[in-house]
Every structure is written in C-alpha cells, then in structure tokens.
C-alpha cells in the first residue's frame, strides 16, 4: 500500500537532510564497470578513496543504478559485490538510493552492453560518441523480450526482498527517467508491474519514481501518462532538474501540491545555468533531498556536455550556453575541487543542515 502523507513525513524528518550524488568511481567507463567482476577490486579501492572525499565534503548518500546484464551473467558474485558496495558506503556514513530500472538508453540496433573491458571515447558525455541523447529511435530494454523480462523482475524481487529492512538503503527509485527514449506507452505496463511487485514486498524504505522533463512553461497536467502514474504511486516525490534557478523554483512550487517530501535525484548543469551556488542553497532552504550528477571526473566524462547541446549550438551559435564550464562533476581526477568556492559552499550548507537536525531532535 502507498504510504500516507504522515508516514512519508515521519520517515523524512527522522533523518538529516539527504544530499549526495549520482555515483560511479572515476575509473568506471559505465555501469557495467561499476558492478562487474572484471577489474572490480581496483575500482573498489578507487571508490573507497572517493568516499573519503565525499564524507569530508558532507555528503551522506549516493544514487546507484543497477545493471541487469551483470546480475544475469554473474549472479552470485554480483550479489556479493553489491553487499560490499553498500557496506563500504555505510562505513563512511553514506546511504544508497538504488535505481531498479532505467529508460535512459541507446536505441535498438546499437551495440548492447557486454561484460569485460569497456570501450569509451574521449571527449563525449557518457564516454560514447553515440548515445541515447542523439537518437530519435526507441530505446532497447531487456523488458521488451519475454526471455529476459521475467529474469529482470526476478532481479528486482531478489534485491529488494533481501534489503527491504536494511537502513543502509535509504530509498528505492523504481524507474529512472520513465518513458525516456521514446518508450512512454511501452514502459507503463512494466512500471505498473514493478510497483505491484514492490508493494507486495513492502520494504521499510519509500518508493519513488521521478518526473524528469516537465518545465516551468507546463503544469503537472501536461506530464505524460507514465509520469502521472509515477507521481500517483510514489511515497515521496522525486524529480530531475537541469534548469536555471528561476525555472527550478517554479518546478518546486508545482511539486509541493502533493504535500509530500521532495527529492531531486539529478541536478547540476553549469553550462545552462543550473549551478552549485544557486541550486544547493535552495535545496537546503526548502529541505529538498538532492543528488547532483557525478563526483570525480573520469572515464564516463560527465563533465562534458550532452552532445545535443553541441548540436543546438551548431544550429544557433548565439545560444546561451557557457561551454567554458564543466557540465557535471565536483572534483578533478587528483581530488582537487573543480571550483574550491563550490566545495566551500557545499560544506557550509551540509554543516548547517546537520546542526539543524541536532537542534530539531532536542526540541
């Protein structure tokens, strides 16, 4: 059963302000690298060093997206690595928001993910010359095929059931960017099945599924059918925003109508005006949980802009994008901050949030 508003707020107010990042270590080319056995021990060492930086910054959570092919082909060792990852995060006071499914993908006909050494191209967001951002094709998901769909649901069932009472998992993100890659009508039945499955398991953590593309020029009535369903079923409200400050304020205002805790599970787009200096203090003030995209710049190259930003620039060189700035990520490969002033501001507001929480607990 969906949580009541009272239960959602009781859960949310029982913990410090949630702030963190969408994470993979700098030596990961993609999510296969994040989870697979090949090279894992070396990347695990990198992760620990980066989590030390994250703890010092004041972040207390990471958002991690599962990769089905690794669970499917390396099941037993994947489950061991998943536990090691969650335990390592907990060692540094960092909880995990786990994403169970994902519609942000390349279209049918493009190369599928396989295990082993991962190819990446330098100079491209996501480490690939071709990405879902450049295609109008329908994204290719394992849930489209009967032979893999049931195994996918089995993966979700196994992981959530095992960790349903585990406080190290802060929440379950049912579906990343649901309906993206041209999948709106295709995904809705899968989303419904996932919510039904998860309600049967009844975890102690809340379920959420974000709206990801509504802008200030629209109302919530204009979101797609699949996103409406996501909002209706979510225990807490989540959204993505790469928009500038004024537009972000309008997004938050719209989402407050649900009278539930709000989490922004993706943000930070310096190129188009979604900055640390404006966005992070706003999230603190509104007590909106937040996960910027990226942490240490590396093989995945999310400091580079989405390629379609370059395509928009090719069409209109006067477009208001600042390509002198990093798109995402907070730290350089040597763990120096991209901008020390950003680091100082984040630490300041993390400290304020923790002081607020201690004060509230005493009252």
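Structure data summary
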| read-out | value |
| --- | --- |
| Matching entry among 63, 81 (being in contact (Cβ under 8 Å) with a residue 24 or more places away in the chain and under 30 Å from residue 349 (Cβ atoms)) | 63 |
| Spans of helices (runs of 4 or more DSSP H) in segment 196-302 with at least 2 residues touching a residue at least 24 places away in the same chain (Cβ under 8 Å) and more than 30 Å from residue 53 (Cα to Cα) | 225-233, 245-255 |
| Selection within segment 110-141 - part of a helix (DSSP H, G or I) and at pLDDT below 90 | 132, 133, 134 |
| Residue list for segment 320-333, restricted to those being modelled with pLDDT of 95 or more and either over 20 Å from residue 31 (Cβ atoms) or surrounded by 13 or more Cβ atoms within 10 Å (Cβ to Cβ) (or both) | 321, 322, 323, 324, 325, 326, 327, 328, 329, 330, 331, 332 |
| Residue, surrounded by the fewest Cβ atoms within 10 Å (Cβ to Cβ), within segment 334-346, restricted to residues that are in contact (Cβ under 8 Å) with a residue 12 or more places away in the chain and over 21 Å from the mean Cα position of the chain (by Cα) | 341 |
| Number of the condition not met by residue 150 [criteria: (1) under 21 Å from the mean Cα position of the chain (by Cα); (2) over 20 Å from residue 207 (Cα atoms); (3) not in a loop (DSSP other than H, G, I, E, B)] | (1) |
| Within segment 1-14, considering residues that are touching a residue at least 12 places away in the same chain (Cβ under 8 Å) and not in a helix (DSSP H, G or I), the one surrounded by the fewest Cβ atoms within 10 Å (Cβ to Cβ) | 1 |
| Residues (in a helix (DSSP H, G or I) and surrounded by 22 or more Cβ atoms within 10 Å (Cβ to Cβ)) located in segment 166-189 | 187 |
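The values are calculated or read from the model by the stated rules, or taken from the named source; none is laboratory data. Bear in mind that the values here come from a model prediction, so they are computed numbers and not experimental data. As a convention, Cβ positions derive from the backbone with ideal geometry for all residues, glycine included, and neighbour counts pool all protein chains shown.
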